[in-house]
Amino acid sequence: MRRRAELIVMLGASTLGVMAGAIVMPVLEVMRGDLGVSGTSSGFIITAHGFAIAVVSPLVGRAIDRWGVRVPLAAGLILYGLAGGAGLVITSFPLLIASRLLLGVGAATVFSGTTVAMLSMATGTRRDQLMGWRTTATTAGGLIWPLLAGILGGISWHATFAIYLVGIPLGIASMLVIPKQPAAQEDRVAATTGSALDLVRRYPGLLAWYGLMITTGLMMYSLAVFLPQRLAQLGIAAPVFVSLFMVVQAIAAIAVGLGYARIRARFGLVSLLRVTACCWIAAFTVLGLVAHPVPVFVASALFGLGNGLMLPVITVLIGDTPPESRRGQATSLSGTAMFAGQFGSPLVFGPLMAATSITTGYLLAAAIAGVILVGLLALRVDDPRGSVLSPSVAEDDGEVRAMT
């Protein structure tokens, strides 16, 4: 019963990561006018927490490895609720940005803590199922919470920030249901003396997976930022219709998450990453070449399908590469990689699209995905016991790691 309660709390907490920035999007323009700031400055309301996540995630990982998941995650959830909910009463832009930075610290802990907790809850097929459910919960959070934010935003933009308060009861619940002692029995003091640089030196295969996380962030925000502009060029400007392209992306990822355990039972981890790369290539090629809304709709679904496969796979690969005693540090760096990619996406694609066109930028994204596919096709992996396997054999093993 306690294990089931822990799972419910972890799935609930997993919905919070993507909502950190998405919740304020429906009321961003209202906030900008009320606070009297420019469009560029208002963008920091969305991005400030991501910057904090990227910076503090390595420290969060060290804390989890040293003290276990229970206390850091509970503290992170409560900080998430308090810092996010502070927008209920804040009327100063500098104070709001400060609260968003604190929100990022809480979000970093939630991201890493839920990942480590769920990886430790099961092994084999059961863990595949949990990872699929986690992807579903994360994606569903990206749909449900912004919808609720839009409803509350009709009352006041301050009311929207009340949603963050859900982190407080989840933090209290996590203290009650998560085991007090860390699952790993290794010497944690010795395991946490190394830096993040030491971690990737010891386990260089992590660089490949972090690279994929950075790329995922780049790809995701290339759609979030520039797809509405592309749709406007195709004559679709009404927010309700624009949102449908994001909704189908989320629905595709949710469907994959629900069926991930069955998919994983038939295909290896690297094979699924190759499918993700193929989905990215197809999606961005369509976005770069086609000038009709229907194929663009299909492309959005393909992107969601690829991400629904990639997220649970990459979580397992990163979590299983180092010893369990350094899992927190390894997974926290994946948060740094993901949010660094999101932050950098407008910087990578924006100038190119401004100088040429949005479609040219998406063709570049397709080319990047093509390079990733080539790398995955050439990838060699080994099992945790250290014997080198060919890709076709190793893909059938439940735990594989990239080799350099």
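The values are calculated or read from the model by the stated rules, or taken from the named source; none is laboratory data. Small disclaimer: the values here were computed from a predicted structure and weren't measured. In this analysis, Cβ positions are derived from the backbone assuming ideal geometry, glycine residues included, and neighbour counts consider all displayed protein chains. Ligands, DNA and RNA are excluded from the accessible area calculation, which covers all protein heavy atoms including side chains. Shrake-Rupley method; radii C 1.70, N 1.55, O 1.52, S 1.80 Å.
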- Item | Carbon + sulfur, % of accessible area of the chain - ligands and nucleic acids excluded, 1.4 Å | 70
- Message: I need to check one value: relative contact order of the chain, counting alpha carbon pairs closer than 8 Å and at least 6 residues apart, in percent.
- Response: 24
- Note on the structure: Result for the range 72-170: accessible area per residue, probe 1.4 angstrom, in square angstrom, of 35
- Item | the range 190-313, relative contact order [Cα under 8 Å, separation at least 6], % | 30
- Sorting MET213, MET220 by accessible area (1.4 Å probe), largest first, what list results? MET220, MET213
- Task: Evaluate the charge dipole of the chain about its Cα centre and quote only its size in Debye, nearest 20, assuming +1 on the Cβ of each Lys and Arg and -1 on the Cβ of each Asp and Glu.
- Result: 460
- Query: How much mean residue ellipticity at 222 nm does the chain get from its helices, if each DSSP H run of length 4 or more adds -39500 (n - 2.57) and you divide by all residues, to the nearest 500 deg cm²/dmol?
  - Reply: -26500 deg cm²/dmol
- At least 27 Å along the helix axis (C-alpha) and Kyte average at least -0.5, DSSP helices within the chain: 39-67, 93-120, 124-153, 205-233, 239-266, 269-289, 293-320, 327-355, 358-377
